[in-house]
Amino acid sequence: MADDISSLLVELEEERLRRSVSEALSRGDDPLTLVEKLREGMGTVGQRFEEHEYYLSELIMSAEIFKQALALIEPHMGAATGESRGRIVIGTAKGDIHDIGKNIVATLLRCKGYEVYDLGENVAPRLFVEKVKETGAGLVALSGLLTFAFDAMKETAEALSAAGLRPALKVIIGGGPVNGTVLEYVGADDWGKDAARAVKLAGRFLGAGGT
Amino acid sequence: MDFMSSAERIETAITLGKPDRVPVVPIIDFFASHYGGITQHEMFFDLQKADRALLKTMDELGRMDGQNLSYAGMGRIVMLAIPNPPVMPGVNGAAPDDQFQFLETSLMQPQEYLELIERGPVRWMMDKLKINHPSLYNPLNFTKAMATVIGDNLKFRRSMKRMRGHGVESLVAYNIVFPPLEFLSLLMRSFNDFTIDLFRYPDEVEAACKALRGPICKLGLQLVALSGVKRVFIGGTRTSASFMSPRLFEKFALPEWEAVCDFFIRRGITPVLHFDSDWTPFFHYFRELPKGKCVMNLDGTSDIFKAREVLGDRMCIMGDVPATMLKLGEPEEVDGYCRRLIEELGQDGGFILSSGCTVPIDARPENVSTMLHSVKKYSK
């Protein structure tokens with residue numbers, strides 16, 4: 001039945017998945033196993049995205065279904081919340097309020113089991129520094145769609161270095177116009193062209209195996 | 001040696017002919033205002049200052065045949081006509097040189113797709129407009145707002161005439177429309193919510209979009225009448241392959257794109273399909289549009305060389321010197337890319353060189369100059 005949950009998520013069968021999860025919980029199935037199956041499903045969705053079988057639309061819908069299913073399971077989990085795969089601070093760089101890409105990346109990272117601290121949009125460099133210090137995050141993910149954001153990303157990367165957090169802390173960047181040239185300009189550790197790539201980078205830098 | 005006027009050059013390229021050289025028609029207001037020494041706020045609200053800044057930019061960096069989409073002087077209309085007012089430089093606490101940006105918030109709930117149909121799309125839109133513009137409930141204020149829209153459009157016409165005197169055509173004037181799906185996603189429902197709606201409420205979304213189609217097309221027609229420019233900017237981002245699967249595109253978006261383009265083409269108006277993000281997997285869908293009647297304007301994310309291969313015999317291709325290159329690249333890189341565009345896409349006509357999508361405020365002036373000069377340097 002748990003396998004069924006994974007495949008229902010992959011096929012974006014929202015109602016059927018909801019019923020299956022409810023039935024499994026009523027039977028007393030282990031909630032953590034159910035969450036793990038959902039994560040497996042998200043992994044398959046990520047693979048399909050990389051193979052161009054699925055597009056962003058399917059990625060967003062799968063994440064929504066995942067969140068709904070998780071909301072059903074969480075009250076049954078008690079103290080057992082599953083192991084965190086690492087802590088990540090994410091935000092859109094100062095001066096830029098675009099949030100579509102940032103939100104999708106944050107959602108997918110959460111689906112993969114990371115603790116994600118989303119600082120929102122138009123985030124000043126010092127706020128990233130403060131949040132990393134507060135949470136002990138191992139990765140900062142910076143997003144931006146405007147060319148202005150490149151400068152803010154660079155300032156943020158430099159502020160994290162000046163605070164003595166790098167190189168142990170890794171910094172990744174993404175957003176529509178971001179490419180290798182921007183990576184070099186910003187001085188981050190890597191860049192991603194889409195959300196699936198961001199999950200892979202998190203896996204690489206936090207040692208938890210990406211999608 | 002140039003022997004065509006800017007207008008002839010652009011029109012020849014649009015109808016798939018070979019002009020005397022490739023025309024260059026960037027989106028340049030954000031950059032030109034900065035370079036010309038005025039704030040972004042002044043560019044949006046003072047058309048004469050914006051025109052002077054553009055002329056200074058051209059005098060110092062190079063001539064252009066036209067402007068693609070222009071924001072100059074649009075501040076009042078943008079703040080009035082957009083239901084969810086964007087970040088506007090110098091307004092509502094934004095600094096005068098802040099970057100203009102749309103807000104990504106939902107102004108409607110899923111059940112309102114059917115309300116839109118029951119209430120009637122125009123009345124429903126007015127209701128939505130009044131949420132953030134409550135003063136419009138007062139008929140006197142509403143009349144003043146309409147007078148502002150018409151008055152500013154007359155100013156646009158005078159500005160276009162002035163700039164035409166300097167050899168700068170307006171490609172689409174202020175004739176800006178978005179197909180219903182794009183409109184709902186960009187301005188009413190937020191991208192994430194809207195995408196989920198496509199799965200959960202497909203029939204409702206489809207019906208609402210059908211209802212909106214007529215009013216949106218008619219609005220475009222009125223804008224064309226006001227500006228006198230028989231081309232219309234039709235914005236596309238959120239129905240691209242960066243966001244939407246082919247299955248969803250075929251079901252929801254393709255019928256809209258076909259219907260909206262057909263509406264304008266049948267009235268002798270050229271749709272300029274302004275496509276941001278990646279449309280490469282969807283190029284083939286646009287082969288069915290009438291030959292030589294549309295422009296496909298790409299932003300540097302789609303594969304423009306593939307566009308030429310798939311669509312070059314059907315419509316004019318326009319683009320796409322990337323914003324990142326204009327900011328961070330070296331002039332040699334810009335020169336090489338423009339040369340490739342002009343030689344590979346423009347050698348037989350049917351190509352317009354442009355920025356992809358906007359020349360950024362903080363572009364390097366020498367890169368902008370290189371782009372503008374490349375059309376004379378490499379056109380054969």
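The values are calculated or read from the model by the stated rules, or taken from the named source; none is laboratory data. Every value quoted in this text rests on a predicted model; they were computed, and no experiment measured them. Backbone-built Cβ (ideal geometry, glycine too); neighbour counts: all protein chains shown.
Which of the following residues is buried (at least 22 other Cβ atoms within 10 Å of the Cβ), free of Cβ contacts under 8 Å to residues at least 60 places away in the same chain and not in a helix (DSSP H, G or I): A:G120, A:G91?
A:G91
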Does B:L254 satisfy being touching a Ser or Thr at 6+ places or on another chain (Cβ under 6 Å) and more than 21 Å from B:A13 (Cα to Cα)? no
Tell me which of these A:T156 doesn't satisfy, since it passes every other one: (1) surrounded by 24 or more Cβ atoms within 10 Å (Cβ to Cβ); (2) in contact (Cβ under 8 Å) with a residue 40 or more places away in the chain; (3) within 14 Å of chain B (Cβ to nearest Cβ). (3)
Going residue by residue through region A:2-19, is there one that turns out to be of a type in the set (G, A, S), closer than 30 Å to B:A241 by Cβ, more than 14 Å from chain B (Cβ to nearest Cβ) and in contact with an Asp or Glu (Cβ under 8 Å, 6 or more places away or on another chain)? yes
Please determine, by comparing only the residues of region B:196-250 that are in a loop (DSSP other than H, G, I, E, B), within 14 Å of another protein chain (Cβ to nearest Cβ) and among the β-branched types (V, I, T), which one is farthest from A:I60 (Cα to Cα). B:T237
Among (1) more than 24 Å from A:L206 (Cα to Cα); (2) within 14 Å of another protein chain (Cβ to nearest Cβ); (3) not β-branched (V, I, T) - the single one A:F49 does not satisfy: (1)
Whichever residue in region B:85-132 is within 14 Å of another protein chain (Cβ to nearest Cβ), aliphatic (A, V, I, L, M) and under 23 Å from the mean Cα position of the chain (by Cα) and, among such residues, is farthest from B:M188 (Cα to Cα): B:M88
Mind checking which helices (runs of 4 or more DSSP H) fall wholly inside region B:12-124 and carry at least 2 residues that are in contact with a Phe, Trp or Tyr (Cβ under 7 Å, 6 or more places away or on another chain), surrounded by fewer than 22 Cβ atoms within 10 Å (Cβ to Cβ) and among the hydroxyl-bearing types (S, T, Y)? none
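Against the condition buried (at least 19 other Cβ atoms within 10 Å of the Cβ), more than 14 Å from every other protein chain (Cβ to nearest Cβ) and either part of a helix (DSSP H, G or I) or under 21 Å from the mean Cα position of the chain (by Cα) (or both), how does A:V178 come out, does it pass?
Spelling it out, it is not the case that A:V178 is buried (at least 19 other Cβ atoms within 10 Å of the Cβ), more than 14 Å from every other protein chain (Cβ to nearest Cβ) and either part of a helix (DSSP H, G or I) or under 21 Å from the mean Cα position of the chain (by Cα) (or both).
Okay, residues lined up against (1) over 25 Å from B:F191 (Cβ atoms); (2) touching a Leu at 6+ places or on another chain (Cβ under 7 Å):
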{"residue": "A:V89", "(1), (2)": "no, yes"}
{"residue": "A:D118", "(1), (2)": "no, no"}
{"residue": "A:S143", "(1), (2)": "no, no"}
{"residue": "A:T147", "(1), (2)": "no, no"}
{"residue": "A:E155", "(1), (2)": "yes, no"}
{"residue": "A:G164", "(1), (2)": "yes, no"}
{"residue": "A:V182", "(1), (2)": "no, yes"}
Return yes when B:G329 is away from chain A (no Cβ under 14 Å) and not hydrophobic (A, V, I, L, M, F, W, C) and no when it is not. no
Give the residues of region B:128-145 that are charged (D, E, K, R) and more than 18 Å from B:P86 (Cα to Cα), sorted by residue number. B:K144
Residue tally, condition part of a helix (DSSP H, G or I), of a type outside the set (K, R) and within 14 Å of chain B (Cβ to nearest Cβ), over region A:94-117: 8
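Tell me yes or no: at least one residue of region A:161-170 is assigned to a loop (DSSP other than H, G, I, E, B), at positive phi and within 14 Å of chain B (Cβ to nearest Cβ).
No, every residue in region A:161-170 fails to be assigned to a loop (DSSP other than H, G, I, E, B), at positive phi and within 14 Å of chain B (Cβ to nearest Cβ).
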Say whether the condition of being outside any helix (DSSP H, G or I), hydroxyl-bearing (S, T, Y) and either closer than 29 Å to B:L47 by Cβ or at pLDDT below 90 (or both) is met by at least one residue in region B:166-175. yes
Restricting to region A:184-195, give me the number of residues that are within 13 Å of another protein chain (Cβ to nearest Cβ), within 27 Å of A:Q47 (Cα to Cα) and buried (at least 20 other Cβ atoms within 10 Å of the Cβ). 2
On the given criteria, is B:A53 in contact with a Leu (Cβ under 8 Å, 6 or more places away or on another chain) and under 19 Å from B:D97 (Cβ atoms)? no
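Being free of Cβ contacts under 8 Å to residues at least 60 places away in the same chain, closer than 30 Å to B:T239 by Cβ, within 11 Å of chain B (Cβ to nearest Cβ) and part of a loop (DSSP other than H, G, I, E, B): is that true of A:I65 here?
No, not satisfied.
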Does any residue of region B:255-268 turn out to be more than 14 Å from chain A (Cβ to nearest Cβ), closer than 25 Å to B:L154 by Cα and crowded, with 22+ Cβ neighbours inside 10 Å? yes
Tally the residues that are of a type in the set (A, V, I, L, M) and either surrounded by fewer than 21 Cβ atoms within 10 Å (Cβ to Cβ) or at positive phi (or both), restricting the search to region A:11-50. 3
Residue check for B:G356: surrounded by 16 or more Cβ atoms within 10 Å (Cβ to Cβ), within 29 Å of A:L146 (Cβ to Cβ) and touching a Gly at 6+ places or on another chain (Cβ under 7 Å): yes
